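A.B. asks: Pasting in a structure now, in structure tokens, and then I'll have a few things to ask.
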Amino acid sequence: MNLYVARKGFEKELKQELKDYSNFEQFYLSPNHVEAIFAQDIWYDVQEISFDSIGEAVKKLKTIFSHWVGFSITSHRRCKLIQEQLNFYKGPRLEFLGELPKQKFGRFLLVEKNKILAAIQARHPLPLGVVEMKEDKKTPPSRAYLKLWELFTVYGIRPSSQDRVLDLGSSPGGWSWVLSQVTREVISVDKAPLAPSIAKISNIQYIKKDAFSLEPKDVGHIDWLFSDIICTPQRLFDLVTEWQKAGVLN
């Protein structure tokens, strides 16, 4: 059995992926082994632990692993008392492009007064897949930059230092700012201007234009296309498809 932690707002999609499941609020227990896209985290090979007392729960968890993070559906005070008697793991705030934590830990979920679901292996290296970064509260013009920080740092998906990238719908420039730190050239496109501190960065080229009216031929070859445009998924998909068909996007 695996336990799937739903991404907020995508519970319906996760249910469709799993098909067979038992639901405990944001947690979905399923016999199906699915690398679910709409799961924020997955706990593998979940054990069901029954117990009669807090001491017994603590003892059983300690025989499985050393460090734990606990969550609860019910009896929240009881869960806290169990956690207090275990070595607690608190996920650190991550540095941009820094190393991920190496400390291993177990996760347990109190689903009933005397029943725990526990696992020592999970897809995500942080509790419930929740990422907290050491933020830069001075430079970026908005907090949208954290989306790319998480993608680049946690999942290792990012351009190389020699790539040329396109940022569509870029104003006020948070994504362009992040991209300028990891790659050679950023083409930053929006009808609205970039924040002055971002516009003066040497490897950012700003084009004042609507992202949907920009012609691929006017930009030329790019290695990556980024976009944080607010629009329907289908419209964004069609836009990316157009750039691929133009032959300028790897």
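The values are calculated or read from the model by the stated rules, or taken from the named source; none is laboratory data. On a predicted model such as this, the values are computed, not experimentally measured, just so you know. Backbone-built Cβ (ideal geometry, glycine too); neighbour counts: all protein chains shown. Keep in mind that these areas ignore ligands, DNA and RNA; they rest on the heavy atoms of the full protein, side chains included. Shrake-Rupley method; radii C 1.70, N 1.55, O 1.52, S 1.80 Å.
A.B. asks: Pick out, in residue order, every one of the GluC sites (Glu not before Pro) in region 111-177 that is DSSP loop and has at most 15 other C-beta atoms within 10 Å; say none if there are none.
C.D. replies: GLU132, GLU135
A.B. asks: For GLU95, put the label point 7 Å out on the Cα→Cβ axis and report which residues of region 130-159 keep their amide N under 15 Å from it.
C.D. replies: Backbone N within reach: 133-136, 153-154.
A.B. asks: Report, in debye and to the nearest 20, how large the dipole of the chain comes out about its Cα centre when Lys and Arg carry +1 and Asp and Glu carry -1 on their Cβ.
C.D. replies: 720
A.B. asks: Provide the solvent-accessible area of CYS231, counting protein heavy atoms only and rolling a 1.4 Å probe, rounded to the nearest 10 Å².
C.D. replies: Using a 1.4 Å probe on the heavy atoms, I get roughly 40 Å².
A.B. asks: Output the Cα-based Rg and Dmax of region 1-58 in Å, rounding Rg to one decimal and Dmax to a whole number.
C.D. replies: Just the Cα atoms of region 1-58 yield Rg and Dmax of 12.8, 39 Å.
A.B. asks: Further, regarding this structure: So if I average 1/r over every pair of distinct C-alpha atoms in region 190-234 and take the inverse, what Kirkwood radius in Å does that give? Kindly include the intermediate steps, with their values, before the conclusion.
C.D. replies: On the way: mean 1/r = 0.0804 Å⁻¹.
About 12.4 Å, per the Kirkwood formula over Cα pairs.
A.B. asks: Moving to a separate point now. Using the Cα atoms of region 28-90 to build a convex hull, what is its mean projected area in square nanometres?
C.D. replies: 5.2
A.B. asks: I need the semi-axes of the equivalent ellipsoid of region 124-240: take the C-alpha gyration tensor, multiply each eigenvalue by 5, square-root it, list largest first in whole angstrom.
C.D. replies: After scaling each eigenvalue by five and taking roots: 23, 17, 15 Å.
A.B. asks: Could you check the spin-label model distance between ALA144 and GLU56? Points 7 Å from the Cα along Cα→Cβ, value in nm.
C.D. replies: 5.5
A.B. asks: Taking the Cα of HIS33, stepping 7 Å toward and past its beta carbon, and measuring to each backbone N in region 93-111: which are under 20 Å?
C.D. replies: 107
A.B. asks: Okay, moving on. Which one of VAL154, ILE54, PHE108 has its Cα pushed farthest toward the positive end of the charge dipole of the chain, where Lys and Arg give +1 and Asp and Glu give -1 at the Cβ?
C.D. replies: ILE54
A.B. asks: Distances longer than 22 Å among the Cα atoms of the chain: what percent of all pairs is that? Please list the in-between numbers first.
C.D. replies: Details: 19671 of 31125 pairs.
Cα-Cα pairs in the chain separated by more than 22 Å: 63 percent.
A.B. asks: In debye, nearest 20, what is the charge dipole magnitude of region 121-250 about its Cα centre with +1 on Lys and Arg Cβ and -1 on Asp and Glu Cβ, if you could check?
C.D. replies: Roughly 220 debye, rounded to the nearest 20.
A.B. asks: Still on this model: In Å and from the alpha-carbon atoms only, list the Rg and Dmax of region 30-159.
C.D. replies: When restricted to the Cα atoms of region 30-159, Rg and Dmax are 17.0, 53 Å.
A.B. asks: Follow-up. With every protein chain left in place, what is the accessible area per residue of region 10-70 in square angstrom, probe 1.4 Å?
C.D. replies: On the way: 3420 Å² over 61 residues.
Accessible surface, normalised per residue, equals 56 Å².
A.B. asks: If you don't mind, there's one more thing I want to ask. Percent of Cα-Cα pairs more than 17 Å apart in region 155-217, please.
C.D. replies: That tail contains 34 percent of the Cα-Cα pairs.
A.B. asks: When the scattering of region 115-185 is computed by the Debye formula from its Cα atoms alone, each counted once and equally, what is log10 I(q)/I(0) at q = 0.17 Å⁻¹?
C.D. replies: Listed by q, the Debye log ratios stand at -0.71.
A.B. asks: Roughly how big is region 175-250's charge dipole about its Cα centre, with Cβ charges of +1 (Lys, Arg) and -1 (Asp, Glu), in debye to the nearest 20?
C.D. replies: Working: 8 positive and 9 negative charges, 33 e Å.
In debye, rounded to 20, region 175-250 gives about 160.
A.B. asks: Going by amide H atoms built from the backbone, whose H comes under 5 Å of the H on ASP41, apart from near neighbours?
C.D. replies: VAL5
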